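Working notes, structure below.
The values are calculated or read from the model by the stated rules, or taken from the named source; none is laboratory data. Remember, predicted model here, so these are calculated numbers, not experimental data. Using ideal geometry, Cβ is built from the backbone for each residue, glycine included, and neighbour counts are taken over all protein chains shown. These accessible areas exclude ligands, DNA and RNA; they are computed on the full protein's heavy atoms, side chains included. Shrake-Rupley method; radii C 1.70, N 1.55, O 1.52, S 1.80 Å.
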Amino acid sequence: MLPKTDPPLLKSTKSSDYSHYFSSIQTFVSSHPRSWILLCILSLQIFLLFCIYSLPVSFSYHHLPPPLVTTNFSITKSTAIIKEQETPTSTPSDDICSDGKVYVYELPKMFNRELSEKCDELNPWNSRCEAISNNGLGRKYTAVDGQRIIGKVVPEHLKSSWYFTDQFASEIIYHNRILRHKCRTFDPSSASAYYLPFYAGLAVGKFLWSDNYTAYHRDYHSVKLLKWVQKQVYFKRSKGWDHFIMLGRISWDFRRSKDNDWGSSFIYMPAMHNITRLLIERNPWDYFDIGVPYPTGFHPKNESELTQWQDFVRSRERKTLFSFAGAKRGKIKNDFRGLLLDQCKDSGNRCKLVDCGGTRCVNGSSAILETFLESDFCLQPRGDSFTRRSIFDCMIAGSIPVFFWHRSAYYQYDWFLPSEPESYSVYIDRKDVINGTSVRGVLEKFSKNEVRKMREKVIEYIPKFVYADSKDGLGSTQDAFDVAIDGVLKRFKAHRNMWDRNENNTTTTIRKLK
């Protein structure tokens, strides 16, 4: 610690003393120009680091994580492993897990198990128990369902891989899968990533639809969770930089800025600022949001089933140029969906329409799957938000998506989609459609060879859209879950490397000054 300056001495300082002081600095600069340059560089680095940490978290793409202290911590009971969870068959090796290992927190049961156990209370209208059964995959198709729902659409030998999967079930799917991840460790001191299995989407869902519930109800579980996690030694060490969570709804459901607005304010809570968040729709301007695929109804048990499905959709005879599954929004002025519905109707047998104004578009409906299987292209306008589960239902069926907003896919799923949008999709600016551009006219300009290449690219990427019906994944093929977790581990590794480089550069500069 530097000695404190004596206040009376400051008051007695004369102007001649200041002149002498500045003269000495001038002499030093002229005598030691290289040292002065190095000192300036060091000062600039410190200033830049200060500026980086001062930027608003939601808009900064260049945060540097704090250094990870290597002190041995005594782990409290609250950070112990989940006792009833399965133990991995072997200890993860450094060779297999070169990007790092994952530690799964055991949270108090109010944050996950209690929510799923009280599944009949998650929705103000009906029970959610069936929707979140089978580790989040939902109810399986039965023999009766096979005739009534999917009929002859799905090959007989693949019907057991289809479920009535809810689009908001990702929290349970990810929690179940990560317990058997190849790089999961039971030793938190050896981990480089820490997973919070909090079912935030289930927790808030009950309180979204009634004025009887207040902001207090919608934030209750989130506030409690963050109070708990801030007491954990590994969270304190990194301030959340190496922590991540799956939020099973869209980002906007957790971004309430005013008490009377929609959703929870979970993401805006200070302790969440550095935590990486997996979501089915992200905020493209928030570095910590990562978009992952919506769960669909197809969950292959192994690589063989996956390959068989790819072969099936590749060999399908496509009788229709394009299709649209959706409903008009009568209360919305100049409803774009209504415009697409009208264009589809006007296209005769060139477009197949599934009007979702009734109940034809519930989870597991054969009407949608059969329509996509028979169409070269499928129209994908924005839904209630910019994305839709229908995007992935479409591509699972080997149909080529047509987008009207960049934010529907191109700004969302970087880890899961080809880097060249035109290789697997078509983009038509919605403004052009509003001004009279014919969707049919645009799509008819693609040659059969171009359509074949785009479809093949979609089929190639199907593994990255599905969530396997297996706790161990699909073997050597990565599914959507594997891609997401590997991406998080690589991101955290990049954080550590970036910090190490900056720390080494600063240390080198100081040594040169000496």
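D for region 232-329, whole µm²/s, Stokes-Einstein with Kirkwood Rh over alpha-carbon pairs at 20 °C and 1.002 mPa s: what number?
The estimated diffusion coefficient comes to 125 µm²/s.
Starting from region 400-508, pick out the trypsin sites (Lys or Arg not before Pro) whose DSSP state is loop and whose Cβ has at most 11 other Cβ atoms within 10 Å.
Sites meeting the loop and neighbour criteria: Lys445.
Provide the gained length on full extension for the span Arg113 to Gln308, in nm with one decimal, where the gain is 0.36 nm per separating residue minus the Cα-Cα distance.
66.7 nm
Which whole number in µm²/s is D for region 424-495 by Stokes-Einstein, with the Kirkwood Rh taken over Cα pairs at 20 °C and 1.002 mPa s?
Estimated via Stokes-Einstein, D reaches 138 µm²/s.
Using a 1.4 angstrom probe on the protein heavy atoms only, could you order Ser470, Ser408 from most to least accessible area?
Reading off the accessible areas and sorting them downward yields Ser470, Ser408.
Roughly what % of Cα-Cα distances in region 344-464 sit above 20 Å, to the whole percent?
Cα-Cα pairs in region 344-464 separated by more than 20 Å: 42 percent.
State the percentage of accessible surface on region 148-249 attributable to carbon and sulfur atoms; use a 1.4 Å probe and exclude ligands, DNA and RNA.
Within region 148-249, the accessible surface is 51 percent carbon and sulfur.
Starting from the Cα-Cα distance between Thr214 and Lys490, subtract it from 0.36 nm times their residue separation and give me the gain in nm to one decimal.
95.4 nm
Which GluC sites (Glu not before Pro) does region 290-392 hold that lie in a coil by DSSP with at most 16 other beta carbons within 10 Å?
Sites meeting the loop and neighbour criteria: Glu317.
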